[in-house]
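The values are calculated or read from the model by the stated rules, or taken from the named source; none is laboratory data. Treat the numbers as computed from the prediction; the structure is a model and nothing was measured. Cβ placement follows ideal geometry from the backbone for every residue including glycine, while neighbour counts extend to all protein chains displayed. Keep in mind that these areas ignore ligands, DNA and RNA; they rest on the heavy atoms of the full protein, side chains included. Shrake-Rupley method; radii C 1.70, N 1.55, O 1.52, S 1.80 Å.
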Amino acid sequence: TEASVDLARLAGLYPAGVICEIMNDDGTMARMPDLVGFAQRHNLKIGTIEDLIATGDRVVARAVLHATHAGLLGDIAPTGRKVRLASTIIYRFDQGRVVEEWELFDKLGMYQQLGVTPPPGVSKTTG
């Protein structure tokens, strides 16, 4: 998704994202403590799905991603700042396949966390 690509850029990585499920050696689904250890062993980042709602042919996911701005993001040099990126993604399915996807995320909030956009009510010229 667009947010995962921006997150990869923030982390100084190739601009791509993969969403998958990790299994433990015994075949059970890995839970957060397992995933934290897995991510540390393999130098990976973790994003969480806060809500997942399905109705009819649509699924809505509310996700939160955390990263450190360690790479070039467009023309913004790495700041070393930690950012929290919240997004909401809506998927429409047809015959078991995603046929449409819409995503909203707080890009302005991300830029404010990076310190490149002033918060509301603050002018760049007056501080």
Self-check item: In nm, spacing of pseudo-spin labels at ILE46 and VAL18 (7 Å Cα→C-beta vector)
Solution: 1.9
Quiz prompt | Of THR55, GLY27, HIS42, farthest towards positive along the dipole that unit charges on Lys, Arg, Asp, Glu beta carbons give region 11-103 | solution = HIS42
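Net charge near VAL99, counting Lys/Arg +1 and Asp/Glu -1 over other residues with Cβ under 13 Å of its Cβ?
So the surrounding residues net to -1.
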Quiz item: What accessible surface, in Å², does a 1.4 Å probe find on ASP106, ignoring ligands, DNA and RNA and rounding to the nearest 10?
Solution: 90
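Could you tally the net charge around GLU50, taking each other residue with its Cβ under 15 Å from the Cβ of GLU50, Lys/Arg +1 and Asp/Glu -1?
Numbers: positive: ARG62, ARG84; negative: ASP51, GLU103, ASP106.
Net charge around GLU50: -1.
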Quiz item: How high is the relative contact order of region 30-119, in percent, with contacts defined as C-alpha pairs under 8 Å that are six or more residues apart?
Solution: 20
Quiz item: Which residues in region 60-87 place their backbone N less than 18 Å from a point set 7 Å from the Cα of VAL116 along the Cα-to-Cβ direction?
Solution: 66-86
